[in-house]
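Down below is the structure, laid out as structure tokens.
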Amino acid sequence: MNNISFPGLGISVDVSPVAAKLPFVGEVHWYGVIIGIGILLAFLYCSYFAKKEGISADTLADLVIYALPVAIICARTYYVVFSWDYYGKHLEDIVKIWNGGLAIYGGIIGAVITGVIFCKIKKLEILKVFDICCLGLMIGQMIGRWGNFVNAEAFGGYCTNILRMSINGAEPVHPAFLYESLWNLTGLIILSFLHKKRPFNGFTFFSYISWYGVGRFIIEGLRTDSLYIGNIRVSQLVALLCIIGGIAALSFLSEKSISKKTGK
């Protein structure tokens, strides 16, 4: 049980990572419950847009069934690889994902690879599908970050702003999980609106990649639990690559779209 407070907002709650203890099952952790809720809401939201794009809910469900386990495995693998100093000495903890430790970049990589293969087999337009799915991904990230809240993790260094957070009476710190959740909420609202009038397939997806990269680069700089390669924060490096890659892809697709319309 942890006491988590937001002194600037006058909020204080006692939070347990365990949601319930069930017979024959054991402890059910809030982390998994919250991620499950995020996945469900993401699927429902994507289904709404998929229907408008002529993609059935059954097809989307099939994609989720294939992509979800791959994404979770890749997210965990990514985290374990860059935390090998610990997991190399505690191999039994590798499977304990309910204690946290899912890296979103690993999950995205796994989901993208699965999505490409799925679309190729089903003869679907890859970028059209990715445009839809990235909206759901933002919902999953937005809600999933609250799993970090119940585990009292993903926070930054000392701060004094109105959103400052204190864990068990310690000095207030940056609630990095909250910043990222709010960043994704903002991005979701903006991109959901732009998606309806997107100029070309791939616009929403690569805008998401760029948007998330900017937010993650800034927020990661505040965190105290970053994964490192030497002295470089892994997530900031990947975020920078996302920004560059996202903008480059948007520029390329934009020029291609204009050339197609003008016949050049």
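Some observations on this one:
- Unique residue being open to solvent by less than 60 Å² (accessible area, probe 1.4 Å), touching a residue at least 24 places away in the same chain (Cβ under 8 Å), under 15 Å from the mean Cα position of the chain (by Cα) and within 20 Å of Gly101 (Cα to Cα) when the list is Ser235, Ser207: Ser235
- Residue within segment 126-148 that is in a loop (DSSP other than H, G, I, E, B), of a type outside the set (D, E, K, R) and under 23 Å from Phe43 (Cα atoms) present: no
- Screening segment 211-222 for residues that are under 16 Å from the mean Cα position of the chain (by Cα) and of a type outside the set (Val, Ile, Thr) and picking the one that is nearest to Pro172 (Cα to Cα) gives Glu220.
- Residues in segment 223-232 that are assigned to a loop (DSSP other than H, G, I, E, B) and open to solvent by 40 Å² or more (accessible area, probe 1.4 Å): 4 in all.
- Residue among Leu137, Leu102, Leu188 that alone is closer than 20 Å to Leu250 by Cβ, under 15 Å from the mean Cα position of the chain (by Cα) and modelled with pLDDT under 95: Leu137
- Filtered by the rule that a residue be touching a residue at least 12 places away in the same chain (Cβ under 8 Å), in a strand (DSSP E or B) and open to solvent by 30 Å² or more (accessible area, probe 1.4 Å), segment 14-26 gives Asp14, Val18, Ala19.
- The listed residue being touching a residue at least 40 places away in the same chain (Cβ under 8 Å) and among the aliphatic types (A, V, I, L, M), out of Ile11, Ile34: Ile34
- Test: residue in segment 31-46 that is at negative phi and assigned to a strand (DSSP E or B): no
- Ile247 vs. criteria in contact with a Ser or Thr (Cβ under 8 Å, 6 or more places away or on another chain), over 24 Å from Ile4 (Cα atoms) and open to solvent by 70 Å² or more (accessible area, probe 1.4 Å): yes
- The set of residues from segment 36-63 being β-branched (Val, Ile, Thr), over 20 Å from Leu194 (Cα atoms) and either more than 19 Å from the chain's Cα centre (by Cα) or open to solvent by less than 50 Å² (accessible area, probe 1.4 Å) (or both) comprises just one member, Thr59.
- Counting only residues that are assigned to a loop (DSSP other than H, G, I, E, B) and over 30 Å from Phe6 (Cα atoms), segment 179-222 holds 7 of them.
- Matching residues in segment 163-198 - criterion: being out of contact with any Leu (no Cβ under 8 Å at 6 or more places or on another chain) and of a type in the set (A, V, I, L, M): Ile167, Ala170, Val173, Leu182, Leu185, Ile189, Ile190, Leu194
- Being of a type in the set (A, V, I, L, M, F, W, C) and more than 19 Å from Met138 (Cβ to Cβ) is a property that Ile65 has.
- Those residues of segment 212-222 which are open to solvent by less than 50 Å² (accessible area, probe 1.4 Å) and of a type in the set (Val, Ile, Thr), in sequence order: Ile219
- Residues located in segment 122-132, provided they are open to solvent by 40 Å² or more (accessible area, probe 1.4 Å) and in contact (Cβ under 8 Å) with a residue 12 or more places away in the chain: Lys122, Leu124, Glu125, Leu127, Lys128
- Ala170, sole failed condition from (1) under 20 Å from Leu241 (Cβ atoms); (2) open to solvent by 30 Å² or more (accessible area, probe 1.4 Å): (1)
- Selection within segment 87-111: residues that are part of a helix (DSSP H, G or I) and without any contact (Cβ under 8 Å) to a residue 24 or more places away in the chain. The member of this set that is surrounded by the most Cβ atoms within 10 Å (Cβ to Cβ) is Tyr87.
The values are calculated or read from the model by the stated rules, or taken from the named source; none is laboratory data. The model shown is predicted, which means the values in this text are computed figures rather than measured ones. For neighbour counting, all protein chains shown are included, and Cβ atoms are generated from backbone atoms with ideal geometry for every residue, glycine included. Please note that ligands, DNA and RNA were not included when accessible areas were found on the heavy atoms of the full protein model with its side chains. Shrake-Rupley method; radii C 1.70, N 1.55, O 1.52, S 1.80 Å.
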